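Laboratory data are not the source of any read-out in this text; all were calculated from the coordinates shown. Note that this is a predicted model, so its numbers are computed, not measured. Cβ placement follows ideal geometry from the backbone for every residue including glycine, while neighbour counts extend to all protein chains displayed.
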Amino acid sequence: MSSQRRFTDALTRDAVAQVVDLGDAVSDVAERLGMSTKSL
């Protein structure tokens, strides 16, 4: 069994939007959402 977490497409889109549209740092968004920067 895989220990890798899966994130919904909607959550991933929201995270990317925070980076692209709002200019937030990838590391800040990832930390707020409890995901790694590699997940974005």
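At 222 nm, what helix-only mean residue ellipticity would the chain give, in deg cm²/dmol to the nearest 500, using -39500 (n - 2.57) for each DSSP H run of four or more?
Counting only the DSSP helices, I get -14500 deg cm²/dmol.
Could you tell me which label, among (1) 3.0; (2) 2.8; (3) 3.2, carries the value of mean projected area of the Cα convex hull in nm² calculated for this structure?
(2)
Residues with beta-carbon under 14 Å from that of ARG32, excluding ARG32: net charge, scoring Lys, Arg +1 and Asp, Glu -1? List each step's numbers first, then the result.
Details: positive: none; negative: ASP14, ASP24, ASP28, GLU31.
That sum, taken over residues with Cβ under 14 Å, equals -4.
Give a quick list of trypsin sites (Lys or Arg not before Pro) in the chain that DSSP marks as loop, anything other than H, G, I, E or B, with at most 10 other Cβ atoms within 10 Å.
ARG5, ARG6
Can you give me the angle between helix 9-20 and the longest principal axis of the chain, using Cα atoms only, in degrees from 0 to 90, rounded to the nearest 10?
30 degrees
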